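Have a look at the structure below, then the notes.
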């Protein structure tokens with residue numbers, strides 16, 4: 001029996017995963033942002049998805065916005081819009097932290113386009129500067145403007161007379 005065996009494909013895949021995951025874990029540990037490319041394998045609701053990358057699943061929370069809960073008006077519509085837009089598609093997530101449910105919080109990009117911003121423009125989410133993505137003044141302005149445009153046009157949840165923000169909905173439940 002030889003002292004050194006040829007590495008198996010399984011061993012090679014393990015090393016690829018290790019080499020891919022270590023920089024991501026280190027960036028997370030020290031609070032830096034990281035980029036995660038992958039395929040959207042599941043839509044949880046209007047602001048949470050699962051991305052599969054290098055054989056691992058990553059739970060992602062779209063930051064800077066808060067979509068209605070599934071059991072509140074427009075919650076199912078928001079999830080369906082995200083599903084039509086992202087399900088099975090290749091995305092890049094720029095993330096910089098995790099929430100209390102251990103979802104990575106970030107900006108989801110499809111062909112370079114900010115999908116968090118898309119949900120705001122469609123009137124399917126509220127702008128929430130407290131929900132975890134580092135933004136400069138320009139980014140905050142764009143997200144607030146997207147919500148205002150949808151509100152003024154009466155799109156999505158803004159077509160309701162008095163929509164309840166998800167943070168108030170959760171507190172009431």
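The residues of segment 124-168 include none that are within 25 Å of residue 39 (Cα to Cα) and free of Cβ contacts under 8 Å to residues at least 40 places away in the same chain. Considering only residues in segment 144-173 that are part of a helix (DSSP H, G or I) and over 23 Å from the mean Cα position of the chain (by Cα), the one that is nearest to residue 79 (Cα to Cα) turns out to be 159. State whether the residues of segment 89-111 include one that is in a helix (DSSP H, G or I), in contact (Cβ under 8 Å) with a residue 24 or more places away in the chain, buried (at least 21 other Cβ atoms within 10 Å of the Cβ) and on the phi < 0 side of the Ramachandran plot. No, every residue in segment 89-111 fails to be in a helix (DSSP H, G or I), in contact (Cβ under 8 Å) with a residue 24 or more places away in the chain, buried (at least 21 other Cβ atoms within 10 Å of the Cβ) and on the phi < 0 side of the Ramachandran plot.
The residues in segment 44-65 that are surrounded by fewer than 24 Cβ atoms within 10 Å (Cβ to Cβ) and either free of Cβ contacts under 8 Å to residues at least 24 places away in the same chain or under 27 Å from residue 162 (Cβ atoms) (or both) can be counted, and the count is 6. Within segment 112-143, the residues that satisfy the criterion of being more than 21 Å from residue 72 (Cβ to Cβ) and in a strand (DSSP E or B) are 113, 114. Within segment 113-143, the only residue that satisfies the criterion of being in contact with a strand residue (DSSP E or B) (Cβ under 8 Å, 6 or more places away or on another chain) and farther than 26 Å from residue 164 by Cβ is 134. Can you pull out every residue in segment 88-112 that is within 19 Å of residue 59 (Cα to Cα) and out of contact with any strand residue (DSSP E or B) (no Cβ under 6 Å at 6 or more places or on another chain)? Across segment 88-112, the qualifying residues are 88, 96, 100, 101, 102. Could you tell me whether segment 127-139 includes any residue that is modelled with pLDDT of 95 or more and closer than 23 Å to residue 169 by Cβ? Checked against the condition, which is being modelled with pLDDT of 95 or more and closer than 23 Å to residue 169 by Cβ, segment 127-139 yields at least one hit.
The values are calculated or read from the model by the stated rules, or taken from the named source; none is laboratory data. Keep in mind it's a predicted model, so treat the numbers as computed, not measured. Here Cβ is always computed from backbone atoms with ideal geometry, including for glycine, and neighbour counts include all displayed protein chains.
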